[in-house]
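Working notes, structure below.
Rule-based calculations on the coordinates, nothing more; no lab input. If you're wondering where the values come from, they're calculated on a predicted model, not measured in any experiment. Cβ placement follows ideal geometry from the backbone for every residue including glycine, while neighbour counts extend to all protein chains displayed.
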Amino acid sequence: MPAPSRFGSSRAPALVLQQVVLPNVGGATVHALVIGAGLAGLATARGLLAAGHEVTVLEQAPALRTRGGAVTVWPFGNAVLSVLGVHPETAGQPIAEVDLRTPTGRTVLHCDLAGITHEAGAPAVVIPRRALLRQLASGIPIEYNASFAGLSHTPQGVTATTTDGTRHTADLLIGADGVHSRVRAHLVDATPARPTGMATWQGLVPAPFTLGTRSTMMLDRTRECGYMSAGDGQLAFFFDVPWTPGETVPAHPLAELRRHYEGFAAPIPDLFDALTDADLELFPHTRHHVARAWGRGPCTLVGDAAHGMPPVMAHGLNQGLEDVAVLMTELATVTGRTDPSRALRTYERTRRRRAVLAGTLASNAIHLTGPTALGHSLPMLNLTSLAPANTGSTVLGALLRSLSHRRHDELSALAVARPPAALHVVRASAT
């Protein structure tokens, strides 16, 4: 069996040097392992590096997994990214307005994001997932083909073992390996995330019509879709459909979507005309039970590993960024060689309520029956249009505030005038 390594395996991969230029958010130096190089894992790694810690990311895939369409980073999430030296507006589309429309094209709710953008100090941005992933990965030490197999607690911290037998020792381990998390299964609960009965067809294509800075959703009792610019002439879209676990994926999904969304006003027919079956990716909705504790000892979870939820309104991504902000501010209380366990449990308790709320909102936003479906009926949507003009902005702003700890200012205030932990490396395949 290979000997344990201190951040990194005994293998000697081809590497390229890349200076990491990050703000520094203080705290004692710890050696951290992050399991998973998705959005939440890489944001966590950047936060740890910014705090002056030593970090290695283990990823089971041979390279960054860049599939998927676009994601929406809401203002408070973008404020966290800004502290970490990531600026999605440079590669995506800042969003100034969100409109809710009926299938006839009538706008029943208009949300102006100017107020919440000013409050957060950062705009909402729609960005291709692959572009955000690459921004987050820049300069991060990632070990690919490193599939997590298990962990054990030691007097010095924790040891993680990969499927090839390599052992990695650390002071701190953070599971960020997604909704099917192996780390979660070891630490908390091996129960799979449960299906919600819905799925999303989504994608990213050259925009067939002008989009501007508005994100648009169209819906009725049984159907919901949306479209928006993702920057650089690209259009991001989604179509939600009922979905039964084990259901056969249709060979020609575009034809199925045309039938399901028949009668929707422009520009939906134009969008369908611009799509092919190859442009559509299916994502069945699932949700985790959010445990009271997300880890044990010097181990915890972030992102979908802790609180997997449907992709509705990008709550999952933005809750992952909230995880990073709270985790970093709690770890800043760790001094010297203090056991980080207490800080991790405080992080978990702090985050749980908002993570549960976000998961509930994401799971209940789409229903074919019951009160939610009634609220999406045409009569109720038309009643919504009679509300005062600023109702949409007020409601969306209140929602985003309720889901955020708004710790980006606290994170910025922790900045200290010293460089990050070290000169870090990233594999050539990550760039």
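With the highest mean first, a sort of the peptides 122-129, 261-268 on other beta-carbon atoms found within 10 angstrom per residue produces 122-129, 261-268.
Charge tally around A207: other residues with Cβ under 14 Å, Lys/Arg +1 each, Asp/Glu -1 each, net -3. Taking θ as phi - 60° and the Karplus parameters 6.51, -1.76 and 1.60, the scalar couplings of segment 387-404 work out to 5, x, 4, 8, 4, x, 5, 5, 5, 5, x, 5, 4, 5, 5, 5, 9, 10 Hz in sequence order, x denoting glycine and proline.
Given the peptides 205-211, 355-361, arrange them by the average over their residues of other C-beta atoms within 10 Å, most packed first.
355-361, 205-211
Of the residues T169, L235, S138, the one whose Cα sits farthest towards the positive end of the charge dipole of segment 113-255 is L235 (charges of +1 on Lys and Arg Cβ, -1 on Asp and Glu Cβ, taken about the Cα centre).
Going from the fewest other Cβ atoms within 10 Å to the most, the residues Y144, Y347 appear in the order Y144, Y347.
The H on the amide N of M309, modeled in the peptide plane, is under 5 Å from the matching H of H288, each at least 5 residues off or on a different chain. The phi-based Karplus calculation (6.51 cos²θ - 1.76 cosθ + 1.60; θ = phi - 60°) puts the 3J(HN,Hα) values of segment 141-158 at x, 10, 9, 8, 6, 10, 8, 4, 10, x, 9, 9, 7, 10, x, 8, x, 8 Hz, whole numbers, x for Gly and Pro. Please say if segment 260-323 is rounded, prolate or oblate, where rounded means a/c under 1.5 for a ≥ b ≥ c the square roots of the C-alpha gyration tensor eigenvalues, and otherwise the choice is prolate for a/b larger than b/c and oblate otherwise? Taking the square roots of the gyration eigenvalues as a ≥ b ≥ c, segment 260-323 is prolate.
One quarter of the convex hull surface, Cα atoms only: what value does that give for segment 136-244 in nm²? Don't jump to the answer; show the numbers that get you there.
Values: hull surface 44.5 nm².
Result: 11.1 nm².
Taking Rh as the Kirkwood radius computed over C-alpha pairs, what is the Stokes-Einstein D of segment 27-151 at 4 °C in a medium of viscosity 1.567 mPa s, expressed in µm² per second?
The calculation lands on 80 µm²/s.
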